1. Of all residues in the stretch 255-275, which are under 30 Å from LEU213 (Cβ atoms), loosely packed, with under 15 Cβ neighbours inside 10 Å and of a type outside the set (Phe, Trp, Tyr)?
2. Does any residue in the stretch 126-139 that is touching a residue at least 40 places away in the same chain (Cβ under 8 Å) come within less than 6 Å, Cβ to Cβ, of a residue that is acidic (Asp, Glu) and assigned to a strand (DSSP E or B) six or more places away or on a different chain, and which pairs are these?
3. Of everything in the stretch 204-223, what is charged (D, E, K, R) and buried (at least 19 other Cβ atoms within 10 Å of the Cβ)? Give them in sequence order.
4. Return only the number of the condition from (1) surrounded by fewer than 13 Cβ atoms within 10 Å (Cβ to Cβ); (2) in contact with a strand residue (DSSP E or B) (Cβ under 7 Å, 6 or more places away or on another chain); (3) farther than 22 Å from ASP229 by Cβ; (4) at pLDDT below 95 that PHE161 does not satisfy.
5. List pairs: first residue in the stretch 262-290 and within 16 Å of ASN171 (Cβ to Cβ), second residue acidic (Asp, Glu) anywhere in the structure, Cβ distance under 6 angstrom, at least six positions apart or on different chains.
6. Name the residues in the stretch 226-254 that are more than 30 Å from ARG209 (Cα to Cα), in a strand (DSSP E or B) and either modelled with pLDDT under 95 or out of contact with any helix residue (DSSP H, G or I) (no Cβ under 8 Å at 6 or more places or on another chain) (or both), would you?
7. Just one of ASN226, ASN240 is exposed (fewer than 13 other Cβ atoms within 10 Å of the Cβ) and over 35 Å from the mean Cα position of the chain (by Cα); which is it?
8. Need the failing condition index for ILE201 against (1) under 43 Å from the mean Cα position of the chain (by Cα); (2) touching a residue at least 60 places away in the same chain (Cβ under 8 Å); (3) surrounded by fewer than 17 Cβ atoms within 10 Å (Cβ to Cβ), just the number.
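The values are calculated or read from the model by the stated rules, or taken from the named source; none is laboratory data. These numbers come from a predicted model, not from an experiment. Cβ sites come from the backbone with ideal geometry, for glycine too, and all protein chains shown count toward neighbours.
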Amino acid sequence: MKTIRILRRRKSVMLTMLSILFATIAFSQVKIDTLRPAPIDTLVAIPSDTLLVSKSDTLQAVDIAPAVVPAVVDPVVAEPAAAKASGATEASPSAQAETKQAEGEKTEKKKDEKKDKKGKKNEIILYAGANFTNLSASTAYESEAAAGYQLGAYYKQGRMFYWQAGARLANAMIGYKPANSTSDFENISVIDLDLPLTLGINFTSFMNRVLSLRLFASAVPAINLNVGDNNSGIAKSDINSFVLYGQGGLGINVAFLVIEAGYNYGFNELLVGNTDSKPGQVFINLGFRF
C-alpha cells in the first residue's frame, strides 16, 4: 500500500509538471501569434483622435479630444529660430560689414549733398580784368578810352536771387588832352579802391555748379588813391577823392571759371571844378570761384 501511495504521488507530480509545461508552451505560442504583423490588406486606418473600446467582444472607435504632444525640435534648427525670436542683435561678420558699408555710403552721400548745396549758395570769387575809361565830353578838354586793369575778390551768397560784396583795386587809364591842343592824347593813370555791393539773378540756379548765367547791378563807392605822373599837370589834388559809380553787367560761370562784363557810370565828376568830367568805364573780368 505504501508503495502504491508513493507511485500515485509521483504520478500526480509528473502530471502537474506536464500541465505547467504545456500551459507555458501554449501561452508563449499565443503571445507570439498576437505580435505578428497583420497583412497589409487587413490593416484599417483609424483616425488619430479616436480610441478603440472593447464592448461585447467588438472593437468600436470612440472620438476623443486630440492630445497635445510636445514637438521634438531639432537643436540645429531651433538655435537660429530662437535667436530670431528673441530679437538677437548679433549678426555674421559679413552682414555687419555690409551694414557698416551701407551706413558709410549713406553718410558720404549726405556730406556730398550738403557740400553741393553749400557750394550752390555760397561762393568766393577771385578775378582780374581789363577796363577802358574815358570822361564825358567837355569844352575844356578831349578824352578817349584807354586800357587799364583791376584785381579783385568778392563773396557771393544766394541761389536764384543773390547778393555779393567785394573789393577791387583798379588802375584806370584815361586818354586826356586840353581842348584845341594839337598834341596827342596822354594816358593819365588814376588808381582807386572800389567797394561794389551787388544784387543779381541767376537764371540757371538749378545747375549752378555746371553753368550759371547771371545778370547783376551794383552800387560801387570808389575812393581815389593816387594819380600817376603826367604832362597835363593833373595831380591828386585836382581829382575828387570819392566817386559813386552805378554798375551793370552780365556774368557766365562754367564749372569753376567765371567771366563777367559790364559798364560803370560815374554819378559825380572826377575833376575838381569841372562839371563835365563824369567817368565812364567798360570792364571785363576773368576769375575762379571756390
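1. Hits for the stretch 255-275 are ALA255, LEU257, ALA261.
2. Going by the 6 Å Cβ cut-off, the qualifying pairs are ASN134/GLU144.
3. Scanning the stretch 204-223 gives a single hit, ARG214.
4. Among (1) surrounded by fewer than 13 Cβ atoms within 10 Å (Cβ to Cβ); (2) in contact with a strand residue (DSSP E or B) (Cβ under 7 Å, 6 or more places away or on another chain); (3) farther than 22 Å from ASP229 by Cβ; (4) at pLDDT below 95, the lone unmet condition for PHE161 is (4).
5. Listed pairs, sorted by first residue: ASN285/GLU260.
6. ILE239, PHE242, VAL243, LEU244, TYR245
7. Residue meeting the stated conditions: ASN226.
8. All conditions pass for ILE201, except number (2).
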